[in-house]
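The block underneath contains the structure these notes are about, expressed in structure tokens.
Taken together, the values in this text are just the output of simple stated rules run on the coordinates, not laboratory data. From a predicted model like this one, the values you see are computed outputs, not experimental measurements. Cβ coordinates were reconstructed from backbone atoms using ideal geometry, including for glycine residues, and neighbour counts include every protein chain displayed.
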Amino acid sequence: MAKTNKKTFIIVLFLVLVVALGIGYAAFSDTLLITGTANANGKFDLQFTTAEIVKATGVDTTNTTAVIDSTDHDTLTVNVADLGYPGAGVQFHAVITNLGTVPAVVTGVTPTNITGNSHAIKITGLDAITTSHPIIQPNGTCAVDFTVEWDPTIDELSDTTNGESCTFSLQIEYGQANVELFNGTTDHTDVNP
């Protein structure tokens, strides 16, 4: 019987040690639970905010207009009426505002839907916005001055009664600016007595 008591004692001792190890491990271990939410809410929104005629020579200024689209404000419709002779023209001033939250850069403002004698009409100054203007910050503005003229090297006249006229649209093309990227660091420090 001494052998059975010894085996029982060893089994009980082994079970007590296993339970003690489990309780000891549980007492000295902690669980770190980190929860959080990261939101990315960037908004792109470049709009024409003003457009006006600065100077006009040899045109019908009553019917020459620059109108901002009332829906999304990213299209400017330009109408130049009755350019009277080669070299006649209009200078426009337009302002683009970044109403979004993301720094942006204009990648293009290209005339589209051109009507009229397009080979006699010369539009200049629109490339300056993409070559000389860097980043437009949120709430920042960018001004562009452009001209529409009857090309003085072309004396062909399609409308012999009223002179040359044209209409076209300008739409802002833009993207995210190459700004300095976030460069955060992580760290952890323990101070024990």
Query raised in the report: Taking neighbour Cβ counts within 10 Å as the exposure measure, how do Val78, Val16, Val102 sort from fewest upward?
Result: Val16, Val102, Val78
Report summary line: Helix 2-28: inclination vs the chain longest Cα principal axis, degrees, rounded to 10, gives 30 degrees
Query raised in the report: How much net charge surrounds Val95 when only other residues with a Cβ under 14 Å from its Cβ are counted (Lys, Arg +1; Asp, Glu -1)?
Result: -3
Query - Derived scalar couplings ³J(HN,Hα) [the range 101-106; Karplus, 6.51 cos²θ - 1.76 cosθ + 1.60; whole Hz; x for Gly, Pro] - result: 10, 10, x, 10, 9, 6
Report task. State the answer as a single residue: which of Thr71, Val105, Gly163 lies farthest towards the positive end of the charge dipole of the range 46-176, with beta carbon charges of +1 for Lys and Arg and -1 for Asp and Glu, about the Cα centre. Result -> Val105
**Report entry** For the range 93-98, Karplus couplings with θ = phi - 60° (6.51, -1.76, 1.60), whole Hz, Gly/Pro x
**Finding:** 10, 10, 10, 10, 10, 8
**Report entry** Ile96, Ile68, Ile10, Ile121 arranged by Cβ crowding within 10 Å, fewest neighbours leading
**Finding:** Ile10, Ile68, Ile121, Ile96
Query raised in the report: Using θ = phi - 60° and the Karplus curve 6.51 cos²θ - 1.76 cosθ + 1.60, what whole-Hz ³J(HN,Hα) does each residue of the range 70-86 get, with Gly and Pro shown as x?
Result: 7, 7, 10, 6, 9, 10, 10, 9, 10, 10, 10, 9, 6, 5, x, 6, x
Query raised in the report: So how do His119, His93, His188 line up by other beta-carbon neighbours within 10 Å, fewest first?
Result: His188, His119, His93
Query raised in the report: From the residues Val54, Val80, Ile10, which one has its Cα farthest along the dipole of the chain in the positive direction, the dipole being from +1 and -1 charges on Cβ of Lys/Arg and Asp/Glu about the Cα centre?
Result: Ile10
